[in-house]
Amino acid sequence: MQPRVEDQASQSAKDLAALRDDISKLSDSVAKLLGQQTGATKDVVRETLDTAREKVAQTAASAAAAAANVQDRLQDRLHDAQDRLSDVNEQVEKAIERNPLTAVLIALMAGMFISYLGRMRK
């Protein structure tokens, strides 16, 4: 009976060693799998960040183009307004040259009106 118990003990020791080896291999496999998953997750995060950067760059470029367009339109309108003001100024100067007495009387009346408004406030 002694040999049988020793055989069983020896077999149990071998089984225990095999189980330890299997657990060690399983731990290594799990660690590798986690490393691969972490690497894949990093890749996904990198791709997402790259996509976000591209979208931000595209949005910034679109905004810059829109701002430049608005600036161009405002400059065009400013030039148009300056041209119109210059035309009105020329017309007023010509009217003054044609009718200097009328211009002086209008200026005198405007001054009196402004003076009257100033006295009313006091």
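Please work out which one of (1) surrounded by 10 or more Cβ atoms within 10 Å (Cβ to Cβ); (2) farther than 30 Å from Ala103 by Cα is the condition Arg4 fails and give its number.
(1)
Evaluate segment 30-48: report whether one residue or more is among the polar types (S, T, N, Q), modelled with pLDDT of 85 or more, in a helix (DSSP H, G or I) and out of contact with any strand residue (DSSP E or B) (no Cβ under 6 Å at 6 or more places or on another chain).
yes
Got a sec? Which of Val70, Val104 is within 39 Å of the chain's Cα centre (by Cα), at negative phi and either in a helix (DSSP H, G or I) or surrounded by 10 or more Cβ atoms within 10 Å (Cβ to Cβ) (or both)?
Just a single option satisfies the conditions, and that option is Val70.
The values are calculated or read from the model by the stated rules, or taken from the named source; none is laboratory data. For clarity, every value in this text was computed on a predicted model and none was experimentally measured. Ideal geometry is used to build each Cβ from the backbone, glycine not excepted, and the neighbour counts take in all protein chains shown.
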